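Derivation of every value follows stated rules applied to the coordinates shown; laboratory data play no part. Everything numeric here is computed off the predicted structure, so don't read it as measured data. For neighbour counting, all protein chains shown are included, and Cβ atoms are generated from backbone atoms with ideal geometry for every residue, glycine included.
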Amino acid sequence: MSFNWRWDFTWDILPRLLAATLNTLIAAGAGYAIALVLGLILALAQRTGWRGLTVAVREFVEFIRSTPLVLQIFFVFYVGPQFGIRLSPWTSGMIAIGLHYSAYLSEVYRAGIEAVPKGQWEACRAINMSTRDTYLRIIIPQALPPSIAGMGNYLVGIFKDTPMLSVIGVAELMHTANAIGSESYRFLEPYTLVGVIFLAISLPTAGLIRLFEGWVRRKLGL
Amino acid sequence: MDMSAYPLELPEGDRPMVRFMNVTKSYGKLVVLDQLNLDISEGEMVSVIGPSGSGKTTVLRMLMTLETINGGVIYVDGKPLTHMPKNGTLVPADEKYLRRMRASIGMCFQHFNLFPHMTALQNCMEGPVQVLGLSKAEARARSEELLTMVGMIDKKDQHPSRLSGGQQQRVAIARALAMRPKVMLFDEVTSALDPEVIGEVTNVIRKLVTEHNLTMLMVTHQMGFARDISDRVCFFFGGKIEEQGPPDELFGNPQRDRTKQFLSAVKDAD
Amino acid sequence: MSIWEYMQIYGARLASGTAITCAQFVLAALIAIVVALLAGLGKLSQNWLIRGTSVVYIEIFRGTSLLVQLYWIFFVLPLFGITLPKFVAGFVSVGLNVGSYGAELVRGAIQSVPKGQWEAAYALSMSPAKRMRRIILPQAIGIMLPPWGNLLIELLKGTALVSLISVADLMFQAKQINASTFLSAQSFGIALVIYYILARFFITPFMRRMERAMARRLGKA
Ligand SMILES: Nc1ncnc2c1ncn2[C@@H]1O[C@H](COP(=O)(O)OP(=O)(O)OP(=O)(O)O)[C@@H](O)[C@H]1O
Ligand SMILES: [Mg+2]
């Protein structure tokens, strides 16, 4: 084999990669925050009872879910300038990834809400509770625990999709590894380290989410 | 474990179809069967009754080798089942030996366990073709004959999901018989059935008893049926045979207190 | 420029890109299915070496990103003496990535076949291999078809990344056309619609047909 792993080079580039990891985590966190809120809006919009809106939102969710994220990132980044709106790589990246995952999260919420027995709605109606209170006080607390596994999966998913932001120049982990590669003509160390960093974060996170899910279930006596 | 007490093969003249010899089964600390000794002779119909958790199912599953045993040896037709001879002593049987030996045993389950992706006929042909290596034509002839015997020939091309519980159980009996086992095991084959279809399954078993010379071991909660068709009834209690004998004696004149209590309890329940 | 004019000029390039995307999809799907079966069965194996290999494969490919895997396979693997043409590196990466998710579907489906089915096959003296092949797998396939439908759409989306190692797929063509014309809304918009059509009107109906065929085999339809 003609490869040789160079430790000195590894120690040289590790600080840069770790700094970029911070950006990756920020991107994942911000994208996820957008997705959580937007996903809830998409889920609730499908429950207004207004058929036209429900169908439109469903189609939109389907569309987002069946087209590639990397293409959506390009779309958001490049289409603005065509109409005179300039968005920074970070802003377009967060919009695209947040929007993409909001479609997935809306499905998680929807399944969670639909899993709450119909009797709960009827009980709220019987004591004349407002729709807002019914959601906030009765439905959402019950819809949340079964949704945690799905929500957690997509947190890890969004984290693993952040490398796609490198295509529009967001200085996250993959982008930094590419830069190191083209400066030094060494790809073995940067790309392998990126893989290791991803594993080191995503595996424990997935484990923690499982623990958290169990904890919530016990807490709620389920 | 000292295996010298167990013969490599049972001697001529002392060869019941099935022999449990000091068989022990435990799950962790829970001893489910304790030093069980039980002989079943060729062509005999033995019913097993007893309270829930007394180890009835476990006896059948051990004989089907679905469970490993922790002590003792089971013999079938004179040859060890759970063990195999090696260098003049018995060692735990390997998968290949087990597969050969268990071909002489057939089993019907409480929940039928028919293969849902196969029709009734295909269910019956699966074993003969895939395991015994029969030609499709031979297996089909054999299976159709058995499906006729259990009264299911007109439904032979139906999938299990289209059959009632009683019909599924009759197909399951035909499927087991298609392997031409020497010993048939029935584990509460009527417990999952609606009352009105129990008769169609018990009638098939009755037919097997009168018209075929099969050795059968049957776990059941239907005391009347057990009394009717068994040559012998074993009452299990706490992992042991508490009492056994011909049905009329065991049901008509039980000797042990526990047997009396159990029988009067099930009579009250009826 | 109207969409009509745009399509007259660039339609052929988008069509050739679509053809490459379809080829990547089919080849990656074949790899994903084979690898998923092997690793899914491997994870249930009695042999610790097979089990360990399967777990390591699954965790590595699920724990990192497709893009990282793609770059690694295309740029780093040659250092180990394995040089794949970009087209091959593309579908192999996508296939291996999706296969790791598929492996979990295979394992889950096999484990959800009722225990009684194993026991019934065992009681018929079937060998372990026959039990798996003739009794368990056919039922497991019925259980895992619906989630595989979603996974294949993820796979289609994943193929868009091969454009980043210059495989001339649909994504690549859209990017090239955009770079020379700055007609971003048209270029990326049409590409999005084509991906949507492939997913919604080809993959999804195909999987529904498979599910119906499977239901018929189980005598449920
Ligand atoms: N896999 C297992 N692990 C642990 N304990 C078991 C297992 N299978 C059976 N047992 C225990 O073994 C004992 C005997 O079980 P078995 O199923 O043989 O009872 P049974 O007489 O058939 O009862 P029933 O009439 O309810 O079917 C029970 O106490 C049961 O809890
Ligand atoms: Mg039982």
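Rounded to whole Å, the principal axis extents of the Cα atoms in the protein assembly as shown read 100, 73, 52, largest first. From least to most packed, judged by other beta carbons within 10 angstrom and beginning with the fewest, A:TRP121, C:TRP148, C:TRP4 follow the order C:TRP4, A:TRP121, C:TRP148.
Using only Cα coordinates, the Kirkwood hydrodynamic radius of chain B works out to 19.4 Å.
Taking the C-alpha atoms only, the angle from helix A:51-65 to the longest principal axis of chain A is near 20 degrees. Taking 16 Å as the cut-off, the amide N atoms of the range A:156-200 that come nearer than this to a point 7 Å along the Cα-to-beta-carbon line of A:PHE9 belong to A:177-195.
Its convex hull of Cα atoms gives the range A:7-220 a direction-averaged projected area, equal to a quarter of the hull surface, of 14.9 nm².
Look at the dipole of the protein assembly as shown built from charges on Cβ: of C:GLY63, B:PRO116, A:LEU53, the Cα furthest out on the positive end belongs to A:LEU53. Residues whose amide H falls under 5 Å from that of B:GLU67, counting only those 5 or more places apart or on a different chain, are B:MET62, with hydrogens built in the peptide plane.
Per residue of C:137-146, count partner chain C-beta atoms within 10 Å of its C-beta, then hand back the mean as an integer. The mean count of partner-chain Cβ atoms within 10 Å per residue comes to 1. Phi-derived couplings, Karplus 6.51 cos²θ - 1.76 cosθ + 1.60 at θ = phi - 60°, listed residue by residue for the range C:109-117: 5, 4, 6, 8, 5, x, 4, x, 5 Hz, with x used for Gly and Pro.
Using just the helices of chain C, give the 222 nm mean residue ellipticity in deg cm²/dmol: DSSP H runs with n ≥ 4 each add -39,500 (n - 2.57), and the total is spread over all residues, rounded to 500.
Details: 9 runs with 163 residues, N = 221.
Calculated from helices alone, the mean residue ellipticity at 222 nm is -25000 deg cm²/dmol.
In terms of the mean number of neighbouring beta-carbon atoms within 10 Å, the peptides A:158-168, B:160-170 order highest first as A:158-168, B:160-170. For the residues of B:118-130, the average number of beta carbons from a partner chain within 10 Å of their own beta carbon is 3.
Listed values for the range B:242-249 are Karplus-derived 3J(HN,Hα) couplings in whole Hz (6.51 cos²θ - 1.76 cosθ + 1.60, θ = phi - 60°), namely 6, 7, 8, x, x, x, 5, 6, and x replaces Gly and Pro.
Packing, taken as the mean count of other beta carbons within 10 Å per residue, orders the peptides B:218-224, B:108-114, C:108-114 from highest to lowest as B:108-114, B:218-224, C:108-114. Remark: for residue pairs B:LYS156/B:LYS240; B:LYS29/B:LYS267; B:LYS25/B:LYS79; A:LYS219/C:LYS115; B:LYS155/C:LYS130, the C-alpha separation exceeds 30 Å in B:LYS156/B:LYS240; B:LYS29/B:LYS267; A:LYS219/C:LYS115.
Rounded to the nearest 500, what is chain B's calculated 222 nm mean residue ellipticity when only DSSP H runs of at least 4 contribute -39500 (n - 2.57) each, over all residues? Each step should come with its number before you reach the end.
Values: 9 runs with 97 residues, N = 270.
Here the helix-only value at 222 nm equals -11000 deg cm²/dmol.
Candidates A:GLN142, A:GLY93, A:VAL37 compared by Cα position along the dipole of chain A: farthest toward the positive end lies A:GLN142, with charges placed on Cβ. In this simple spin-label approximation, B:LYS136 and A:SER88 carry label points 7 Å from Cα along the Cα→Cβ vector, and these lie 7.1 nm apart. Within 15 Å, Cβ to Cβ, of B:GLN35, how many net charges do the neighbouring residues add up to if Lys/Arg are +1 and Asp/Glu are -1? Taking every Cβ under 15 Å from that of B:GLN35, the sum is -1. For the range A:96-108, the Karplus equation 6.51 cos²θ - 1.76 cosθ + 1.60, evaluated at θ = phi - 60°, returns couplings of 5, 6, x, 5, 4, 6, 5, 5, 5, 5, 4, 5, 4 Hz by residue, with Gly and Pro reported as x.
Peptide A:187-198 has a mean of 5 when you count, residue by residue, the C-beta atoms of other protein chains within 10 Å of its C-beta.
Between the amide H of B:HIS83 and those of B:ILE74, B:ALA93, distances stay under 5 Å, these residues lying 5 or more places away or on another chain, with hydrogens modeled in the peptide plane.
Over all pairs of different C-alpha atoms in the range B:95-142, the reciprocal of the mean inverse distance, the Kirkwood hydrodynamic radius, equals 12.0 Å. Its Cα gyration tensor gives the range C:3-217 an equivalent ellipsoid; the semi-axes, largest first and in whole Å, are 38, 22, 11.
How would you rank B:THR202, A:THR67, going from fewest to most other Cβ atoms within 10 Å of each one's own Cβ? Before the final figure, lay out the partial values.
On the way: B:THR202 20, A:THR67 26.
Taking fewest neighbouring Cβ atoms as first place, the list is B:THR202, A:THR67.
Amide H contacts for B:GLU242 (H built 1.01 Å from N in the peptide plane; partners 5 or more residues away or on another chain; cut-off under 5 Å): B:PHE235, B:PHE236, B:PHE237. Multiplying each eigenvalue of the alpha-carbon gyration tensor of the range B:109-180 by 5 and taking the square root yields semi-axes of 18, 12, 11 Å, largest first, rounded to whole angstroms. List the aspartates and glutamates whose Cα sits under 14 Å from the Cα of C:LYS43, skipping any in the same chain fewer than 8 residues away. Reachable aspartates and glutamates: C:GLU59, C:GLU104. Sorting A:HIS100, A:HIS175 by the number of Cβ atoms found within 10 Å of their own Cβ, with the fewest placed first, yields A:HIS175, A:HIS100. Debye sum, Cα scatterers, the range C:124-185, no solvent: what log₁₀ I/I(0) at q = 0.17, 0.20, 0.30 1/Å? The Debye formula, applied to the Cα set alone, gives -0.72, -0.82, -1.10.
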